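Comments concern the structure below.
Rule-based calculations on the coordinates, nothing more; no lab input. Model, not experiment: these values are computed from the prediction. A quick note on method: Cβ atoms are made from the backbone with ideal geometry, for glycine too, and the neighbour counts reach across all protein chains shown.
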């Protein structure tokens, strides 16, 4: 069955929500019922505000329109610096392939389309946090370990 790569739209909202939940379950383990309910409530609002604007969702879909693999690119504009001279950066996340479609090169193809779009938009840098499973793919696509002297930190609010 041929698989096409394109950008998801709001017509794909239900599938995008399910792919996000599947990704999060793979990443964090089983989600609690309250967590799933909150995500199902918040995700449509997020997609309404961002999809097609500063969020691009690249989808590998079957002939019947089912999305079986995806990769999302959040476009972030920062003040220019030596690391990103024009200030345009991208954050990749939710790179996910449905279990029955893994090991067929779909994540590679989806990521390839995403990277082409990043070049087209003249982004300075693409950033991501790799899982152990995804790390070899990202390395083979040209991603390198971040060699900054800065330490990644966060504050949960």
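What to note about this one:
- Each residue in 67, 3 was given a count of other beta-carbon atoms within 10 angstrom of its own, and listing them fewest first yields 3, 67.
- Projected label points at residue 22 and residue 9, each 7 Å from Cα along the beta carbon direction, are separated by 2.2 nanometres.
- Of the residues 23, 96, 119, the one with the fewest other Cβ atoms within 10 Å heads the list, and the complete ranking is 119, 23, 96.
- Theoretical gain in end-to-end length, residue 129 to residue 30 [0.36 nm per residue, Cα-Cα removed]: 33.6 nm
- Residue 78/residue 49 FRET efficiency (R0 22 Å; Cβ-Cβ; nearest 0.05): 0.65
- Helix-only CD estimate at 222 nm, as mean residue ellipticity for the chain, using -39500 (n - 2.57) per DSSP H run (n ≥ 4): -11500 deg cm²/dmol
- Directionally averaged projected area (the chain, Cα convex hull): 10.6 nm².
- At R0 = 30 Å, FRET efficiency that the Cβ-Cβ distance of residue 104 and residue 155 yields, to 0.05: 0.15
- With neighbour counts taken as other beta-carbon atoms within 10 Å, the residues 151, 78 rank, fewest first, as 151, 78.
- When you restrict to C-alpha pairs under 8 Å that are six or more residues apart and normalise by the size of the range 4-140, the relative contact order lands at 23 percent.
- Degrees, to the nearest 10: 106-120 long Cα axis against longest axis of the chain: 40
- Prolate/oblate/rounded label for the range 95-145 (Cα gyration tensor, a/c 1.5): oblate
- The angle between the Cα long axis of helix 33-50 and the longest principal axis of the Cα atoms of the chain comes to about 60 degrees, rounded to the nearest 10.
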